[in-house]
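Peer 1: Can you read through this structure? Questions will come right after.
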Amino acid sequence: MLGRGWAVMGMVVAGAFAGISGQEQGRVTAADAQSWWRHAVIYEVYPRSFADSNNDGVGDLNGIASKLDYLEALGVNAIWITPCYPSPQKDFGYDVSDYTNIDPMYGTLADFEQLVVKARQHHIRVLMDFVLNHTSDQNPWFLDSRSSRSAAHRDWYIWRDGKGPGQPPNNWQSDFGGSTWTWDPKTSQYYYHYFEAAQPDLNWRNPAVERAMFDAARFWYDRGVAGFRLDAVDTLFEDPDLHDNPFVNGEMVNKYNDNLAQNHEVLRRLRTLSDRYNAVLLGETWTDNISQLKQYYGDHDDEIQLPMNFMFATINELSAPKFRHQIDSIESSGEWPVFVITNHDMERSYNRYGDGVHNDQIAKLMAALYLTLRGTAVMYYGEEIGMRNNDPTRLEDVLDPLGRMDWPKNKGRDGERTPMQWSDAPNAGFTEGKPWLPIPATFKTYNVASELQQPDSILNFYKSLLRLRRDNPALAEGDYVDVAPDDAHVLCFLRRYQHRSVLVALNLSSQPQHLDADLARYGLGTARVTTLLSTMHNDPGDLRQARLDPFAALIVQVDQ
Ligand code: NOJ
């Protein structure tokens with residue numbers, strides 16, 4: 001692994017914290033108690049792949065519980081567990097057959113309750129994933145719904161006649177390919193599904209659906225869940241007249257089944273319920289621009305506290321101007337930013353940003369980017385050890401329905417969902433059984449146990465970064481000031497809180513760059529500089545002449 005400067009810098013970090021008064025630390029803690037999520041790092045756990053306690057090859061809740069020491073030492077504040085409810089697993093849990101239980105593959109409800117309690121002992125909150133838009137076709141609600149046109153749950157889903165024999169009600173296309181409408185011979189009507197046919201959409205215009213789903217939310221809140229990640233929040237409603245969607249430049253635009261205004265009414269009511277529990281909502285909010293994203297916070301901050309910014313996450317190149325633009329947009333919107341760089345639906349950041357030569361430096365650089373910005377950060381398991389995609393090479397190995405649909409153009413999402421690499425033991429220490437997805441050979445080097453031993457590993461960089469983010473008031477509370485707004489290669493910004501300033505300089509290029517920050521403009525012309533964390537070997541010295549190594553990340557404290 002690369003980036004030898006780390007060990008020295010690790011000591012600098014500890015020294016810098018010693019200068020923070022107890023009073024300042026107290027202030028951060030008090031703010032946390034009000035809305036702990038504002039400074040949080042939320043760690044996404046894909047339960048199938050995190051840790052397998054019973055060696056059946058699939059991760060489980062007791063596995064997660066066994067890794068709480070690790071997560072606490074890593075420094076995350078919450079875990080978001082992707083769906084672990086009973087499910088036929090057609091879309092790996094995003095097809096829920098019972099909203100108030102745990103899939104036996106993952107354990108029991110008692111295991112879950114214990115996990116929540118144990119996690120709190122480790123200062124970690126637990127968020128669940130709430131699949132609002134659709135259920136499994138095996139959910140008893142849907143089984144009843146499809147049983148007859150007069151069934152009690154018939155109107156819990158969206159049933160329509162076709163336009164004519166063999167013709168679906170309209171031209172809407174599913175995200176998982178083909179029409180959004182599936183013919184059901186039993187009652188001779190079509191049912192609607194934005195995703196797979198095995199994931200029929202709930203009819204949110206029926207108040208009974210909302211009651212049932214909100215009851216499910218209460219069920220988990222009463223068990224100590226600290227919030228929900230909301231799945232597919234933009235597709236709850238459809239145009240009741242089923243207008244055909246238009247095409248723009250040959251592509252269908254989901255004008256009539258995506259982003260309808262009624263979505264927001266449900267979110268406001270869910271927020272009211274969640275506020276009673278002081279819970280947080282984290283949104284899967286895919287948007288094209290900042291004004292769309294802004295709507296999810298609510299006109300009166302009364303919808304989702306944390307709508308994830310996927311415009312930031314989907315910048316697939318190391319472009320300082322592009323990242324800067326997204327940061328500026330959310331900063332100037334006046335909303336609380338939520339930064340994320342990858343998840344279980346996206347290729348891992350190691351692959352997307354790596355150049356094949358400096359991947360480890362780039363992994364640290366990206367960490368330093370999304371974890372030093374103002375806002376909440378959401379990190380995906382394994383990012384901290386530099387896990388990479390392990391994509392299937394043959395169609396017959398593909399498990400993800402998306403991968404089977406469009407092979408080989410789209411290899412699906414299996415590659416980013418492989419088991420966590422805990423050690424260099426067989427199966428990366430994840431299981432003694434056969435792992436449900438193959439583990440890449442690189443686990444021998446990129447694993448928790450080995451990286452803990454190496455001072456300059458990606459894991460140790462993450463740990464130091466998370467510690468710094470937690471303990472440094474300027475990084476926790478400070479405002480964001482871009483001090484090099486025209487630089488094509490370097491992102492350089494100040495985080496300022498009261499008399500404290502932290503400067504972050506990130507070289508997103510493969511060439512050395514000179515730092516071009518006019519600190520005098522911010523009253524910091526004669527500032528004393530202390531390195532807090534750096535991937536470089538050398539002390540940057542005078543910031544006015546500092547030279548940044550290729551892909552370097554430098555975080556310094558600047559004191560007047
Ligand atoms: C978004 C989830 O993240 C994804 O994994 C899933 O396939 C779809 N929603 C459908 O639930």
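Peer 1: Taking Lys67 as the anchor, which lysines have their alpha carbon closer than 19 Å to its alpha carbon, excluding any fewer than eight residues away along the same chain?
Peer 2: Here the lysines satisfying the reach criterion relative to Lys67 are Lys118, Lys463.
Peer 1: Need one number: nm distance between label points at Asp239 and Thr530, each 7 Å from Cα along Cα→Cβ, rounded to one decimal.
Peer 2: Computed distance between label sites Asp239 and Thr530 equals 6.1 nm.
Peer 1: Using θ = phi - 60° and the Karplus form 6.51 cos²θ - 1.76 cosθ + 1.60, what ³J(HN,Hα) does each residue of region 497-512 get, whole Hz, x for Gly and Pro?
Peer 2: Karplus-based 3J(HN,Hα) across region 497-512 equals 9, 6, 8, 9, 9, 10, 10, 10, 10, 10, 8, 8, 10, 8, 10, x Hz.
Peer 1: Under the rule of at least 5 residues apart or a separate chain, name every residue whose amide H is placed under 5 Å from the amide H of Arg125.
Peer 2: Ala78, Ile79
Peer 1: Read phi for every residue in region 289-298 and hand back ³J(HN,Hα) as whole Hz from Karplus 6.51 cos²θ - 1.76 cosθ + 1.60, θ = phi - 60°, with x for Gly and Pro.
Peer 2: 8, 5, 5, 5, 4, 4, 4, 6, 6, x
Peer 1: Can you sort Phe195, Phe310 by 1.4 Å-probe accessible area, starting with the largest? Numbers along the way, then the final one.
Peer 2: Details: Phe195 30, Phe310 5 Å².
Highest to lowest solvent-accessible surface, that is Phe195, Phe310.
Peer 1: If you don't mind, there's one more thing I want to ask. Over region 475-560, what relative contact order in percent results from Cα pairs under 8 Å that are six or more residues apart? Before the final figure, lay out each step's value.
Peer 2: Values: 192 pairs, mean separation 26.7, N = 86.
After rounding, I find 31 percent.
Peer 1: With a/c under 1.5 counting as rounded, go ahead and sort region 481-543 into rounded, prolate or oblate using the C-alpha gyration tensor (a ≥ b ≥ c being the square roots of the eigenvalues; past the cut-off, prolate if a/b is larger than b/c, else oblate). Before the final figure, lay out the partial values.
Peer 2: Working: a/c = 1.78, a/b = 1.29, b/c = 1.38.
Oblate.
Peer 1: So for His514, His300, what's the accessible-area order with a 1.4 Å probe, most first? Don't jump to the answer; show the numbers that get you there.
Peer 2: On the way: His514 120, His300 145 Å².
Largest to smallest exposure gives the sequence His300, His514.
Peer 1: Another question, then. Under a 1.4 angstrom probe, counting protein chains only, how are Thr187, Thr100 ranked by accessible area, largest first? Intermediate results must be reported in sequence, preceding the final value.
Peer 2: On the way: Thr187 10, Thr100 50 Å².
From most accessible down to least: Thr100, Thr187.
Peer 1: Which values of log₁₀ I(q)/I(0), to two decimal places, follow from the Debye formula for the chain at q = 0.11 Å⁻¹ with a uniform point scatterer at every Cα?
Peer 2: -1.03
Peer 1: Might you report the magnitude of the Cβ-based charge dipole of the chain about its Cα centre, with Lys and Arg at +1 and Asp and Glu at -1, to the nearest 20 debye? All intermediate terms of the calculation are to be shown ahead of the outcome.
Peer 2: Values: 52 positive and 75 negative charges, 181 e Å.
It comes to approximately 880 debye.
Peer 1: So, by mean Cβ neighbours within 10 angstrom, what's the order for 78-88, 146-156, 115-125, 41-51 with the highest one leading? The partial results should precede the final answer.
Peer 2: On the way: 78-88: 22.9, 146-156: 15.0, 115-125: 17.1, 41-51: 24.7.
Descending packing order for the listed peptides: 41-51, 78-88, 115-125, 146-156.
Peer 1: Have a look at the DSSP beta bridges in the chain and tell me what percent are antiparallel, nearest 5. It would help to have the intermediate numbers written out before the result.
Peer 2: Numbers: 38 of 64 bridges.
The antiparallel fraction comes to roughly 60 percent.
Peer 1: Would you kindly state how much longer the chain becomes between Thr100 and Thr272 on full extension, computed as 0.36 nm times their sequence separation minus their alpha carbon distance, in nm to one decimal?
Peer 2: Numbers: separation 172, 0.36 × 172 = 61.92 nm, distance 2.06 nm.
Contour length minus the Cα-Cα distance gives 59.9 nm.
Peer 1: Extension gain Lys186-Phe219, at 0.36 nm per residue separation less the Cα-Cα distance, in nm? Provide the component values of the computation, followed by the final result.
Peer 2: Numbers: separation 33, 0.36 × 33 = 11.88 nm, distance 3.37 nm.
Between Lys186 and Phe219, full extension yields 8.5 nm more.
Peer 1: What lysines could a cross-link reach from Lys411, if we take a straight Cα to Cα line under 21 Å and drop same-chain neighbours fewer than 8 places away?
Peer 2: Lys90
Peer 1: Turning to a different aspect of this structure: Not counting ligands, DNA or RNA, and with a 1.4 Å probe, what is Asp391's accessible surface area in Å² rounded to the nearest 10?
Peer 2: That residue has around 60 Å² of solvent-accessible surface.
Peer 1: Given Cα pairs under 8 Å that are at least 6 residues apart, what percent is the relative contact order of region 362-420? Can you show the working numbers first?
Peer 2: Numbers: 47 pairs, mean separation 17.1, N = 59.
Once divided by the residue count of region 362-420, the mean separation gives 29 percent.
Peer 1: Need one word for region 393-545: rounded, prolate or oblate. Basis is the Cα gyration tensor (sqrt eigenvalues a ≥ b ≥ c); a/c below 1.5 gives rounded, then a/b vs b/c decides. Present the calculation step by step, with values, prior to reporting the outcome.
Peer 2: Numbers: a/c = 2.81, a/b = 2.06, b/c = 1.37.
Prolate.
Peer 1: Something else about it: With every protein chain in place, what's the accessible area of Ser53 (1.4 Å probe, Å², nearest 10)?
Peer 2: Counting only protein heavy atoms, the figure is 60 Å².
Peer 1: Now for a different question. Over the chain, calculate the relative contact order: mean separation of alpha carbon pairs under 8 Å at least 6 apart, over the residue count, as a percent.
Peer 2: Working: 1185 pairs, mean separation 84.3, N = 560.
With pairs under 8 Å counted, the relative contact order is 15 percent.
Peer 1: At a probe size of 1.4 Å, how large is the accessible area of Arg211, to the nearest 10 Å²?
Peer 2: Taking all protein chains as shown, Arg211 has close to 150 Å².
Peer 1: On to the next question. Using amide H atoms built 1.01 Å from N in the peptide plane, name the residues 5+ places from Asp103, or on other chains, whose amide H lies under 5 Å from its own.
Peer 2: Tyr85
The values are calculated or read from the model by the stated rules, or taken from the named source; none is laboratory data. On a predicted model such as this, the values are computed, not experimentally measured, just so you know. Glycine gets a Cβ as well: all are built from the backbone with ideal geometry, and neighbour counts include every protein chain shown. For accessibility, only protein heavy atoms count, side chains too; no ligands or nucleic acids. Shrake-Rupley method; radii C 1.70, N 1.55, O 1.52, S 1.80 Å.
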